[in-house]
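The values are calculated or read from the model by the stated rules, or taken from the named source; none is laboratory data. Computed from a predicted structure; not experimentally measured. Note: ideal-geometry Cβ built from the backbone for every residue, glycine included; neighbour counts use all protein chains shown. SASA here: full protein model, heavy atoms, side chains in, ligands and nucleic acids out. Shrake-Rupley method; radii C 1.70, N 1.55, O 1.52, S 1.80 Å.
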Amino acid sequence: MTSRTAEQVYRELGDVMANTFPDRDFSASVGPSTQVFADLGLASIDLVVLGERLELFYGRRLPYGQFLAELRNRNVEDLELGELVAFLVRHAG
């Protein structure tokens, strides 16, 4: 199994998001502290859909529900892309 770098995962995440939400423009500068709700305008259901698409893209089940539950348990109100990318680097191979 090859491990992915954070840079690769950012590119892959951008591709998956563009394909998942084709009516949205994610071309603005994004980085580790970009927030998916406040900055990108996604809704909580969008995160569920994104999780499903990421599993399809990577061809494996990801502990995405557990990841979101841990954020909720920590009272995180918005998900930063850096956290999502770190999760994907750990679990997507």
Relative contact order (%) - criterion: Cα under 8 Å, at least six apart; region: the range 6-92: 45
Among 9-22, 27-40, the order from most to least packed when residues are scored by Cβ within 10 Å on average: 9-22, 27-40
Point-to-point label distance, Asp15-Gln66, nm (Cα→Cβ direction, 7 Å offset): 2.7
The chain, accessible surface, carbon-and-sulfur percent (1.4 angstrom probe): 49
In Hz, Karplus ³J(HN,Hα) per residue of the range 56-65 (6.51, -1.76, 1.60; θ = phi - 60°; x = Gly, Pro): 5, 4, 8, x, 7, 6, 10, x, 5, x
Rough spin-label spacing in nm, given labels placed 7 Å along Cα→Cβ, for Glu55 and Phe37: 2.3
Ala28 paired with Ser3, simple spin-label distance in nm, labels 7 Å along Cα-to-beta-carbon: 3.3
